[in-house]
Amino acid sequence: MTTTASPAALAPDYIRSLQPYQPGQPIEELARQINRPPEAILKLASNENPLGMSAAARAAAIAAIEHARLYPDGNGSGLKDALARHWQLDSNQIALGNGSNDLLDLIARCFLTPACAAVYSQYAFAVYALACQCAGARHIVTPALDFGHDLAAMLAAIDADTRVVFIANPNNPTGTFLSAAQLQAFIAKVPPEVLIVLDEAYSEYLDDEQRHDSLAWLPNFPNLLITRTFSKIHGLAGLRVGYAVGNAAIIDLLNRVRQPFNVSSPAQAAACAALADEDFIRQSQRVNRDGMAQLRAGLDQLGVTQMPSSANFITARFDHAAAIHAALQQEGMIVRPLANYGLPDWLRISIGLEHENSRLLTALAKLIN
Ligand SMILES: *Cc1c(COP(=O)(O)O)cnc(C)c1O
């Protein structure tokens with residue numbers, strides 16, 4: 001008997017059974033598909049900033065391109081110093097990533113093995129499951145509570161093998177929010193040897209009542225690691241830059257495992273400028289707040305059920321979500337189907353500019369009635 005040995009067949013089962021991350025459809029792809037110019041396509045699918053990026057960030061990225069012959073600062077000193085000043089931290093408490101996705105993956109590589117487990121919630125951000133699986137770790141998935149994290153269930157699910165707990169606040173794709181009080185009570189009860197990863201990709205969108213200073217909790221909880229990104233409110237998703245903040249010993253491990261040049265020089269330069277442009281951040285918050293109200297009112301009028309979102313998107317229920325998604329594509333609009341999250345009746349709609357939200361609502365009104 002002959003056996004056909006192949007490297008692919010000998011990859012670990014947990015790698016061979018990976019299902020790749022499903023991103024929002026790229027504009028160019030739909031443009032080709034429906035034979036329309038890219039400018040005619042409206043993408044409200046990946047929670048990108050509809051204003052673009054700050055003019056200062058753009059200028060900094062373009063200036064950095066001039067020197068892109070050189071390797072980036074592998075230490076990211078300029079950006080880490082800017083973040084340390086901005087958040088009043090020490091730069092040895094900060095690790096930079098090629099997007100915060102890179103950091104989530106680094107966390108899994110540093111702390112998870114096939115002998116360990118990670119806890120995360122049903123309907124939590126898909127990257128937690130992927131990072132956990134890439135490390136071969138056991139997944140402990142707790143049922144959602146009102147589509148959000150059930151912190152009591154997550155606490156109860158932590159077992160002797162658990163090394164990491166992932167929490168997104170606000171969560172993607174549900175937009176659900178956990179208050180500072182809920183989170184602090186949870187964090188205080190997690191065993192000190194278990195790393196709590198608090199993913200705050202959307203924290204800048206919280207309103208005044210929800211806003212809290214989670215970074216101030218770090219001195220009390222050496223097992224807390226907070227991740228943030230420049231992809232969302234800062235509008236730099238295509239440049240790939242995010243960061244993790246936590247205990248220096250944990251940050252040191254992430255820095256040993258990461259690639260030496262994981263954040264490009266244009267990304268580092270743009271992020272420094274973006275962090276400083278508070279007018280742009282405030283303007284982005286206003287556009288999001290107004291767009292949220294506009295979309296909510298429009299969807300209410302159409303009788304469409306929505307999840308309560310604290311982020312820059314609205315997750316809404318449709319009787320024929322897959323058909324609505326396909327019909328919107330034909331109209332040149334991209335939203336995000338959530339069947340891969342186990343939410344086949346829901347679509348996630350990123351909040352756009354006023355005329356973009358109107359275009360979507362007009363199309364939906366025709367499709368629903
Ligand atoms: C968008 C998002 C991120 C950020 O991803 P980047 O890799 O930084 O672009 C992280 N976590 C959640 C929950 C997100 O929705």
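The values are calculated or read from the model by the stated rules, or taken from the named source; none is laboratory data. All values derive from a computational prediction rather than experimental measurement. FYI the Cβ positions are ideal-geometry reconstructions off the backbone, even for glycines, and counts take in every protein chain you see. Surface accessibility is based on the protein's heavy atoms, side chains included, excluding ligands, DNA and RNA. Shrake-Rupley method; radii C 1.70, N 1.55, O 1.52, S 1.80 Å.
Taken over the range 72-189, the alpha-carbon convex hull comes to 128 cubic angstrom per residue.
What is the calculated FRET efficiency for HIS67 to ARG109, with r their C-beta to C-beta distance and R₀ = 30 Å, to the nearest 0.05? Intermediate results must be reported in sequence, preceding the final value.
On the way: r = 30 Å, r/R0 = 1.01.
The formula returns an efficiency of 0.50 here.
Could you order HIS320, HIS149 by accessible surface area, starting with the largest, using a probe radius of 1.4 Å? Walk me through the numbers before you get to the answer.
On the way: HIS320 130, HIS149 15 Å².
I get HIS320, HIS149, largest accessible area first.
Near ILE41, once Lys and Arg are set to +1 and Asp and Glu to -1 for all other residues with Cβ below 12 Å from its Cβ, the sum equals -1.
Using the Cα gyration tensor of the range 18-150, with a ≥ b ≥ c the square roots of its eigenvalues, what is the shape: rounded (a/c below 1.5), prolate (a/b larger than b/c) or oblate (neither)? Working shown, then result.
Numbers: a/c = 1.93, a/b = 1.12, b/c = 1.73.
Note, shape of the range 18-150 comes out oblate.
With Cβ to Cβ distances under 11 Å as the rule, what net charge do the other residues near PRO173 carry (K, R +1; D, E -1)? Kindly include the intermediate steps, with their values, before the conclusion.
Numbers: positive: ARG336, ARG348; negative: none.
Net charge in that neighbourhood comes out at +2.
Determine the shape class of the range 222-269: with a ≥ b ≥ c the square roots of the Cα gyration tensor eigenvalues, call it rounded for a/c under 1.5, and otherwise prolate if a/b is greater than b/c, oblate otherwise. Intermediate results must be reported in sequence, preceding the final value.
Numbers: a/c = 3.42, a/b = 1.49, b/c = 2.30.
Verdict is oblate for the range 222-269.
Carbon and sulfur atoms: what percent of the 1.4 Å accessible area of the range 260-315 do they account for? That fraction is 53 percent. Gyration tensor analysis over the Cα atoms of the range 248-319 returns equivalent ellipsoid semi-axes of 38, 19, 10 Å (largest first, whole Å).
For CYS134, what is the net charge nearby, where nearby means another residue's Cβ is under 10 Å from its Cβ and Lys, Arg count +1, Asp, Glu -1?
On the way: positive: ARG109; negative: ASP105.
Around CYS134, the surrounding residues sum to 0.
Taking the mean number of other Cβ atoms within 10 Å as a proxy for protection, how do you rank 134-146, 173-185, 101-113 from highest to lowest? Please report the intermediate quantities before stating the final value.
On the way: 134-146: 16.5, 173-185: 18.8, 101-113: 21.6.
In decreasing order of mean packing, 134-146, 173-185, 101-113 become 101-113, 173-185, 134-146.
Which whole-number percentage describes the relative contact order of the chain, with Cα contacts under 8 Å and a sequence gap of 6 or more? Provide the component values of the computation, followed by the final result.
Working: 669 pairs, mean separation 87.0, N = 369.
Contact order relative to length: 24 percent.
For the chain, the solvent-accessible area of protein heavy atoms averages 46 Å² per residue (probe radius 1.4 Å; ligands and nucleic acids excluded). Can you give me the Cα centroid spacing of the range 195-240 and the range 245-301 in angstrom? Measuring centre to centre over Cα atoms gives 9 Å.
Of the residues ALA95, ASN169, ALA124, the one whose Cα sits farthest towards the positive end of the charge dipole of the range 29-171 is ALA95 (charges of +1 on Lys and Arg Cβ, -1 on Asp and Glu Cβ, taken about the Cα centre). With unit charges on the beta carbons (Lys and Arg positive, Asp and Glu negative) and the dipole taken about the Cα centre of the chain, which residue among TYR202, LEU155, ALA40 sits farthest to the positive side? Ranked along the dipole, the leading option is ALA40.
Just want to confirm a number: the relative contact order over the range 1-135, from Cα pairs under 8 angstrom separated by 6+ residues, in percent. Working shown, then result.
Working: 60 pairs, mean separation 35.1, N = 135.
For the range 1-135, the relative contact order is 26 percent.
Less than 5 angstrom separates the built amide H of ASP150 from those of LEU145, all sequence-distant by 5 or more or on a different chain.
Fully extending the segment from VAL194 to LEU18 would add 60.9 nm, taking 0.36 nm per residue of separation and subtracting the current Cα-Cα distance. Remark: the range 213-224, residue by residue, has Karplus-estimated 3J(HN,Hα) of 9, 5, 4, 5, 7, 4, x, 7, 10, x, 9, 9 Hz, where x stands for each Gly or Pro and the curve is 6.51 cos²θ - 1.76 cosθ + 1.60 at θ = phi - 60°.
Which order do peptides 251-264, 41-54 fall in by mean Cβ count within 10 Å, highest first? Before the final figure, lay out each step's value.
Numbers: 251-264: 16.6, 41-54: 21.3.
Output ranking for 251-264, 41-54: 41-54, 251-264.
Calculate, in whole percent, how much of the Cα-Cα pair population of the chain lies beyond 30 Å.
Numbers: 27498 of 67896 pairs.
Distances greater than 30 Å cover 41 percent of the Cα pairs.
Taking amide H as placed 1.01 Å from N in the peptide plane, the amide H of MET333 sits under 5 Å from that of LEU42, each at least 5 places away or on another chain.
Pairs of Cα atoms under 8 Å, at least six residues apart: use those to get the relative contact order of the range 268-327, whole percent. All intermediate terms of the calculation are to be shown ahead of the outcome.
Working: 23 pairs, mean separation 11.5, N = 60.
Reported relative contact order: 19 percent.
Residues of the range 174-215 falling in the label zone of HIS86, defined by backbone nitrogen less than 12 Å from a point 7 Å along Cα to beta-carbon, are 204. Scanning residues 5 or more positions from VAL165 or on other chains, those with amide H under 5 Å from its amide H are VAL119, LEU195, ILE196, VAL197, with H placed 1.01 Å from N in the peptide plane.
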